[in-house]
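Novice: First the structure, then my questions, so here it is.
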Amino acid sequence: MEGSSTAIVNKIPVLKTNAGPRDGEQWIERLKEEYTALIQYIQINKDDDNDWFNIQSNEDGTKWSGKCWYIHELVRYEFDVEFEIPATYPSAPIEIALPELDGKTSKMYRGGKICTDIHFAPEWAKKVPKFGIAHAMAMGLGPWLAAEIPDLIKNGKVTKN
């Protein structure tokens with residue numbers, strides 16, 4: 001992990017409950033921890049004037065969607081973001097998708113799922129069940145946006161509407 005990412009991730013609460021969507025009441029406890037970590041991460045970002053996403057879940061916490069944005073040369077580029085919690089979560093990390101960018105970069109899989117194999121997935125595997133959605137946003141989507149969006153803009157694959 002990069003230095004600034006590590007500093008931020010160290011401020012996000014770690015999760016304790018090792019449960020996924022098929023684990024009944026334990027999943028409810030895990031969701032409470034997920035929301036607590038997300039709220040704290042969002043507050044950290046707001047305090048640092050670095051608010052860059054807004055997400056919400058369905059009622060059972062298995063499908064999430066919202067918006068993320070990236071500011072490049074004082075222009076805000078906004079994208080839909082979505083992901084589902086895998087049945088084997090938290091052993092398997094979430095796959096974050098930006099559907100409108102599908103096919104625009106090699107650092108993406110079918111359906112607009114961002115590539116996190118090299119940098120994020122190994123770190124996730126070491127930290128199960130401590131990492132959650134907030135950590136995936138901080139270590140997965142945030143760095144991916146910072147690395148990919150400027151290049152996509154430069155190459156004309158992303159334009160401001």
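Novice: Within 10 Å of each candidate Cβ there may be at most 12 other Cβ atoms; applying that plus a DSSP loop requirement, which GluC sites (Glu not before Pro) in the range 33-120 survive?
Specialist: Values: sites: Glu33, Glu34, Glu59, Glu73, Glu78, Glu82, Glu84, Glu95, Glu100; in loops: Glu59, Glu73, Glu95.
Listed in order of number, the matching sites are Glu59, Glu73.
Novice: A further question on this structure: For Glu59 and Leu74, compute 0.36 nm times the residue count separating them, minus their Cα-Cα distance, and round to one decimal in nm. Could you put the intermediate results ahead of the total?
Specialist: Details: separation 15, 0.36 × 15 = 5.40 nm, distance 3.60 nm.
This chain segment gains 1.8 nm when fully extended.
Novice: If all Cα-Cα distances of the chain are sorted into 10 Å bins from 0 onward, what percent lands in each bin, rounded to whole numbers?
Specialist: Percent of Cα pairs in each bin: 10, 41, 36, 11, 1.
Novice: When the helices in the chain are scored as -39500 (n - 2.57) per DSSP H run of 4 or longer and the sum is shared across all residues, what 222 nm value do you end up with, to the nearest 500 deg cm²/dmol? Mind dumping the intermediate values first?
Specialist: Numbers: 5 runs with 55 residues, N = 161.
The helix contribution divided over the chain gives -10500 deg cm²/dmol.
Novice: Oh, and also: At 0.36 nm per residue, and after removing the present C-alpha to C-alpha distance, how many nm does the segment from Lys126 to Lys46 gain when stretched out fully?
Specialist: 26.0 nm
Novice: Around Ser57, with a cut-off of 12 angstrom between Cβ atoms, what is the net charge of the other residues, counting Lys and Arg +1 and Asp and Glu -1? Please report the intermediate quantities before stating the final value.
Specialist: Working: positive: Lys63; negative: Glu34, Glu59, Asp60, Glu82, Glu84.
Around Ser57, the charge tally is -4.
Novice: Filter the cross-link list Lys46/Lys127; Lys16/Lys113; Lys32/Lys130; Lys16/Lys63 down to pairs whose alpha-carbon distance in this structure exceeds 24 Å. Each step should come with its number before you reach the end.
Specialist: Values: Lys46/Lys127 26 Å; Lys16/Lys113 27 Å; Lys32/Lys130 14 Å; Lys16/Lys63 21 Å.
Violating the 24 Å Cα-Cα cut-off are Lys46/Lys127; Lys16/Lys113.
Each reported figure results from applying straightforward, stated rules to the coordinates on display, with no laboratory input. Worth saying up front: this structure is predicted, and the values here are computed from it rather than measured. Note that we place each Cβ from the backbone using ideal geometry, even for glycine, and neighbour counts take in every protein chain shown.
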